[in-house]
Structure formats: structure tokens, C-alpha cells
Amino acid sequence: QVQFVESGGGLVQPGGSLRLSCATSGNINDIIAVGWYRQAPGKQREWVAVISRGGSTNFADSVKGRFTISRDNYADAVYLQMNRLLPEDTAAYYCNEYPLPALPSWGQGTQVTVSS
């Protein structure tokens with residue numbers, strides 16, 4: 001099973017930007033689609049964005065127009081560019097296959113905190 005390692009989180013003021021990185025243990029071209037997910041304190045993990053092997057993208061309504069997703073097939077990495085961040089974007093962010101496998105293995109995630 002492919003392993004994922006997330007990085008790039010931090011503390012940012014509302015309206016700011018962050019770029020998250022997702023590194024994979026294998027060949028990213030073997031993964032049909034990679035998604036970003038997030039989990040806020042006390043809430044269930046939710047899907048945020050997805051990028052297919054061919055580069056097609058889709059976003060949750062809550063982040064559409066503010067977040068973009070890209071992938072580097074040579075670096076085996078996927079990126080999430082987050083702009084115009086809101087306090088409600090505060091969460092731990094994870095990447096994984098999309099759709100999720102039956103028993104997904106999660107990395108440690110990267111914490112994003114949006115606060116003034």
C-alpha cells in the first residue's frame with residue numbers, strides 16, 4: 001500500500017496562503033487519483049480536493065475558487081495551494097488515494113491553523 005507524507009502546514013492569518021505538499025512512497029503514476037482531506041477538531045474527516053492521473057481536478061464547495069491542486073509526476077508529489085484562508089479551514093490536512101480504499105492508511109497529516 002502506498003504511503004503518504006504531508007507537510008507545509010502552519011499558522012497563518014485569515015486571508016493568507018499556504019502550500020501543502022504530499023509525498024508518496026511509490027510511483028504516483030500508479031495512483032489513479034490523489035485526494036486531500038481534512039479533519040477539524042471534533043469533526044469527521046472530509047474530502048477537500050482531488051486530482052486524477054490525467055490532471056483533472058475537483059474541489060469541495062467550501063474551498064472552490066480558493067484552493068488549487070497540482071501534481072508533479074517526476075517528484076511523486078501532489079500539492080495543495082490554499083489561498084484566502086478562513087478560520088474554518090483550520091484542520092489537520094491529509095492526502096490519500098481517491099476514492100479511499102476500504103482500509104485506508106493515513107499519514108500523520110499537517111496542521112493548518114488560520115487565526116489572527
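The values are calculated or read from the model by the stated rules, or taken from the named source; none is laboratory data. Source: prediction; values computed, not measured. Quick reminder, even Gly has a Cβ in these numbers, built from the backbone with ideal geometry, and neighbours come from all protein chains shown. Ligands, DNA and RNA are stripped out before the accessible areas are found, and what is left, the full protein with its side chains, is counted by its heavy atoms. Shrake-Rupley method; radii C 1.70, N 1.55, O 1.52, S 1.80 Å.
Please give me the summed charge of the neighbours of N96: other residues whose Cβ is under 13 Å from its Cβ, Lys and Arg +1, Asp and Glu -1.
Overall, the nearby charge balance is -1.
For the stretch 1-83, compute the orientation-averaged projected area of the C-alpha convex hull (one quarter of its surface), in nm².
5.9 nm²
Using a 1.4 Å probe, how large is the accessible area of L100, given in Å² and rounded to the nearest 10?
Looks like 70 Å² after rounding.
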